[in-house]
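Presented below is the structure to which this report refers.
The values are calculated or read from the model by the stated rules, or taken from the named source; none is laboratory data. Quick caveat, the model's predicted, so the values are computed rather than measured. Neighbour counts are summed over all protein chains in view; Cβ atoms, including those assigned to glycine, are modelled from backbone coordinates with ideal geometry. All accessible areas refer to the heavy atoms of the entire protein, side chains included, with ligands and DNA or RNA removed. Shrake-Rupley method; radii C 1.70, N 1.55, O 1.52, S 1.80 Å.
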Amino acid sequence: MIDVLVVDDDFMVARIHRGFVERIEGFRVVGTASTGEQAIAAVDEFRPDLVLLDLYLPDMFGLDVVTRLRAARHDCDVLVISAAREAEAVRRAVRYGAVNYLLKPFGFDELRTRLEQYAARRSAPRATVVSDQADVDRVLSRSGSVASQALPRGLSTETAELVERALREHSGTLSAAECASRVGISRVSARRYLEHFSGTGRAEVSLRYGAAGRPERRYCWVG
């Protein structure tokens with residue numbers, strides 16, 4: 001069972017998120033908090049495995065909560081749930097070790113997908129040592145963020161995160177053109193990121209054949 005602390009300054013939103021989590025097998029909510037100080041105290045008391053952390057709290061920015069938790073040697077994981085759409089907020093969350101970043105508002109299925117991915121990474125067998133570079137790459141591929149992996153020259157971490165999110169949040173497959181439209185980049189650029197994810201095993205490619213011409217390459221996230 002994975003213990004979860006829900007942190008949100010809006011009582012009704014926290015209640016909704018708590019309800020979402022409690023519907024997912026293998027997860028239970030051990031507490032809620034509406035301020036940064038309350039969140040830190042709740043982690044001290046409940047020792048959760050995972051904190052669903054809003055960034056806009058009345059007494060401090062959410063990532064400052066993470067700093068305080070790490071200084072106190074708490075090793076709980078953090079999944080950011082926020083309306084903050086600034087790229088810098090996403091970058092900071094990644095640097096602070098967030099396992100994922102989910103934009104508000106979101107539905108039950110979106111949160112369930114990310115929590116199930118998190119649970120799968122937690123339960124995956126972990127070797128105490130790595131024997132070769134392939135083992136290193138596999139460890140990195142389970143880290144949950146493209147920022148932890150080296151990108152080819154010409155690809156940026158920020159755009160890779162946006163492409164990753166577009167794939168994660170789409171229930172089916174995306175073409176390079178569809179992904180480009182969602183992210184706001186060119187089709188050629190989207191194709192480079194998608195092919196990178198395919199080459200590293202994080203996306204799966206399927207072919208859609210039309211009446212004539214070359215088949216369309218379509219991508220879905222596999223993590």
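Details
- Within the listed set 53, 151, 194, the residue fluctuating most in the Gaussian network model of the chain (springs between alpha-carbon atoms under 10 angstrom) is 151.
- Calculated accessible area for region 14-77 comes out at 51 Å² per residue, all protein chains present (probe 1.4 Å; ligands, DNA, RNA ignored).
- Label-point separation, residue 75 to residue 171 (7 Å along Cα→Cβ), nm: 3.8 nm
- With contacts taken as Cα pairs under 8 Å and at least 6 residues apart, the chain reaches a relative contact order of 12 percent.
- Where 209, 101, 96 fall by accessible area, highest first, once all protein chains stay in place (1.4 Å): 209, 96, 101
- In region 157-223, Cα pairs under 8 Å separated by at least six residues give a relative contact order of 32 percent.
- Choice from 189, 123, 181 showing the highest fluctuation, given a GNM over the chain with Cα pairs closer than 10 Å: 123
- Entry for Kirkwood radius over Cα pairs in Å (calculated from the structure that is shown) out of [x] 16.9; [y] 17.6; [z] 18.7: [z]
- The length gained on full extension between residue 214 and residue 16, counted as 0.36 nm times the residue separation minus their Cα-Cα distance, comes to 66.6 nm.
- Highest mobility in the GNM of the chain, judged by mean-square fluctuation with C-alpha springs under 10 Å and restricted to 72, 180, 33, is found for 72.
- Nearest-20 debye value, the chain charge dipole, Cβ charges on Lys, Arg, Asp, Glu: 900 debye
- Interchain or long-range residues, amide H under 5 Å from residue 81's placed H: 53, 54, 55, 102
- Label separation (residue 67 vs residue 198): 4.2 nm, computed from points 7 Å beyond Cα along the C-beta direction.
- A helix-only calculation puts the chain at -14000 deg cm²/dmol for mean residue ellipticity at 222 nm, using -39500 (n - 2.57) for each DSSP H run of at least four residues, averaged over all residues.
- On the basis of the beta-carbon distance and an R0 of 45 Å, residue 1 and residue 205 show a calculated FRET efficiency of 0.80.
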